[in-house]
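Structure, as structure tokens:
The values are calculated or read from the model by the stated rules, or taken from the named source; none is laboratory data. None of the values given here were measured: they were computed from a predicted structure. Reconstructed Cβ throughout: ideal geometry from the backbone, glycine too, with neighbour counts over all protein chains shown. We work out accessible area using only protein heavy atoms, side chains counted, and drop any ligands, DNA or RNA first. Shrake-Rupley method; radii C 1.70, N 1.55, O 1.52, S 1.80 Å.
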Amino acid sequence: MADLGFKGNTVRRLREVHVVAAELGVAQGVGWAPAHHGELLQGTFADDGTTSERRTYRALVTLPLPHLGSRAVFHPSQDHWGVIGTPELAKVRRAAVRALREFGGRPGTAKGGQIEITSDVPRGIGMGSSTSDVTATIRAVADYHGVFLTPEEVGRLAVAAECASDSIMIDDRVVLFAHRDGRVLETFGPALPPMIVLGCDTDPGREVDTLAMRPAEHDDHEVAVFGVLRAALRRAIALGDVGLLGRVATASTVLNERYLPKPRLAELHALLRKHGGCGIQVAHSGTVAGLIFPPDARDAALRCRDAVRAMGLPITCLIGLDETTTEREMVTA
Amino acid sequence: MTVRSAFEEATDAYRLPRLVRLGPNLYGAAFTLMKMVPARHIIRKALADGQIGPDTVIIETTSGTFGLALAMQAVHIGRRLVLVSDPVIDERLYRRLTALGAVVDRVPAEAGLVPGGFQRARLDRLDELRGEHESTFCPEQYTNPENPRSYASVAELMVEALGQVDCVIGPVGSGGSMSGTTRYLRSVTPECRAVGVDTQHSILFGHPDGKRELRGLGMSLMPANLDHTTFDDVHWVSAAAAYQSTRALYAQHALFMGPTSGASFRVADWYARTNPDQLTVVMLPDEGYRYTDTVYNDEWLAAQGHLTPSLPPEPDVVTDPTVPADGGWQTYHWGRREHPDVIALAVP
């Protein structure tokens, strides 16, 4: 069973790459960051977890997708300020500039440079391509400067570059992340419980411009509901209760439907019930949706995959099934 | 991962219930003072929203534990509190309220003789008082939507501690606790069933208004916060049945609770037995200290005729919710319907 948490392997791997690069005499920084498949929960939450407190944060719980990601290589330059990146990657440029400012000023540091992004994360459908690029970039610049960043520090820099960022950089635990404040509100546990997630694109061909999206405005009643969902998710992750986790994801999906409705969600709900799944999660800033199954429901999930395909919806992921059955039908940027 | 911490103030410490196992599939939510949930939430929200200013007098009509909870919260925020109550307010409660600095304004005994009874007279007096002070805030537990909303915190505790709750059972008064708790439990588990506990001659679920022996349960006026579509089933429990069950709850589970808790326990104990596959939670709203001379006193019970006969093991199923039985224990399948829809069926 694939483990959905990834416990810091990323950073270790990057350090090794760096050492090799240095030995070859190539001074550059390398960073990597995974994709995600939207959120298990997204809403507005009271800071201390009780609904009667007044300060609230928009926050989310990301469903990470570690087999896809972005790799950034930072090629330093002493000649010019700023970063030459691919022109359309405005957020990457901002992230690199901010990271340079953060680590700059030391002897021998770069004044600027070029960021080269290699990514297999689909764009514009809510799988975190942008945060993945940004996080990989921050890590690459940090790597070049030999700086170790905690996941929270990466998160803060990513939010500064992006305004809102998901929590894929917090890769050693499951967190409720205030995606506009760069703040961890709560740590639920070291990893998500084993489960199967069958992902699909509910609106193939449509791209969502996350920069143009208005933030959700949840009323007092909804904030109260999100408090209850947060408590349920706390239990689901602590006890490995996929059924309860699925209920939380479904409730979050339904509550947020009015902000970015997913076409054909009702059909997917019907499929979920028919095949014995336990919940539906979505990307709140994209078009992907995931049907959640218990970890031992492999056959049901595969039958359901065929049914989703028959609806004409491309499969985006099959989390929790072994490599031979994992499909990547449409994972081209 | 989290460190246990101290409470900032007493009302926070009183707010949440203890969840106690009472059977294989039955848990009690034992409150010290359940009304603290809405009282604290409503006052804090009004303070944050600016509805309570530095000189605001808090005024509410209550002769029960909601007033006590308000009086405690008023101490924390240093505001004056006037409570309009029945003339028959429990003497111990009266002393507790006034010792906290609250003013208890009792309506005259004659008010009980006119239609609407004390509840109507209290509302009229409340309006008078509002005119007498420059700045007042009325928590309005019967109509304020923050009352049911405050119970999200109770639902949070239940889902975190118990996961999927299949059925919640509890007494109905203002409607806040049952409508609110159920609504928030259903945000995770939409199929969660709700069973309301009332007493004969209470108008909440169809009975005509009449004299009620059981204090703390039943109403003469319909509270706006009661969402009838919450309830799958309704039970009417007599004073004798409630008192005997209050004692059973104490004798069998060492939970020292008041008679509304006893009434709910009677229904919940039966429900959990007959539905062994459903994780059931019963709301136990307050403690037994106010009833040591009555419900917890065998001589008093015998003198009132409540000690015998012992009560039926299951409720009578009634088909018409508008006709109260003479004591005992009845149930009606409400079916999450609106009040007028149910009553229209009953009245030809």
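Values computed for the structure shown
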| quantity | calculated |
| --- | --- |
| Residue, nearest to A:ILE280 (Cα to Cα), within the stretch A:232-251, restricted to residues that are more than 10 Å from every other protein chain (Cβ to nearest Cβ) and in contact (Cβ under 8 Å) with a residue 60 or more places away in the chain | A:ALA249 |
| Whichever residue in the stretch A:224-273 is among the acidic types (Asp, Glu) and not in a helix (DSSP H, G or I) and, among such residues, is surrounded by the fewest Cβ atoms within 10 Å (Cβ to Cβ) | A:GLU257 |
| Of all residues in the stretch B:133-152 being open to solvent by less than 10 Å² (accessible area, probe 1.4 Å) and within 13 Å of chain A (Cβ to nearest Cβ), the one that is nearest to B:VAL267 (Cα to Cα) | B:TYR151 |
| Residues that are small (Gly, Ala, Ser), assigned to a helix (DSSP H, G or I) and either within 13 Å of chain A (Cβ to nearest Cβ) or open to solvent by less than 10 Å² (accessible area, probe 1.4 Å) (or both), drawn from the stretch B:168-183 | B:GLY176, B:SER179, B:GLY180 |
| Residue match in the stretch B:156-167 (condition: under 14 Å from B:PHE31 (Cβ atoms), in contact with a Leu (Cβ under 7 Å, 6 or more places away or on another chain), within 13 Å of chain A (Cβ to nearest Cβ) and at pLDDT 95 or above) | yes |
| Restricting the stretch B:184-206 to residues that are in a loop (DSSP other than H, G, I, E, B), touching a residue at least 60 places away in the same chain (Cβ under 8 Å) and open to solvent by 10 Å² or more (accessible area, probe 1.4 Å), the residue that is farthest from B:ASP86 (Cα to Cα) | B:GLY206 |
| Scope the stretch B:128-152; condition closer than 26 Å to B:GLY180 by Cβ and part of a loop (DSSP other than H, G, I, E, B); matching residues | B:CYS138, B:PRO139, B:GLU140, B:GLN141, B:TYR142, B:THR143, B:ASN144, B:PRO145, B:TYR151 |
| Selected residue [open to solvent by 50 Å² or more (accessible area, probe 1.4 Å), farther than 25 Å from B:HIS201 by Cα and over 16 Å from the mean Cα position of the chain (by Cα)] from B:GLN252, B:GLN304 | B:GLN252 |
| Test: residue in the stretch A:162-181 that is out of contact with any Gly (no Cβ under 9 Å at 6 or more places or on another chain) and basic (Lys, Arg) | yes |
| Subset tally (residues that are over 20 Å from the mean Cα position of the chain (by Cα) and assigned to a helix (DSSP H, G or I)) for the stretch A:134-154 | 4 |
| Subset tally (residues that are within 16 Å of the chain's Cα centre (by Cα) and more than 19 Å from B:ASP124 (Cβ to Cβ)) for the stretch B:42-65 | 1 |
| Test for B:VAL165: is it closer than 26 Å to B:PRO276 by Cα and either part of a helix (DSSP H, G or I) or open to solvent by 10 Å² or more (accessible area, probe 1.4 Å) (or both) | no |
| Members of the stretch B:272-292 that are open to solvent by less than 10 Å² (accessible area, probe 1.4 Å) and part of a helix (DSSP H, G or I) | B:ALA272 |
| Selected residue (criterion: nearest to the chain's Cα centre (by Cα)) from residues of the stretch A:156-198 that are under 21 Å from A:ALA216 (Cα atoms) and among the small types (Gly, Ala, Ser) | A:SER167 |
| Only listed residue being hydrophobic (A, V, I, L, M, F, W, C) and assigned to a helix (DSSP H, G or I), chosen from B:ALA344, B:ALA325 | B:ALA344 |
| Residues (within 16 Å of the chain's Cα centre (by Cα) and in a helix (DSSP H, G or I)) located in the stretch B:219-242 | B:HIS228, B:THR230, B:ALA239, B:ALA242 |
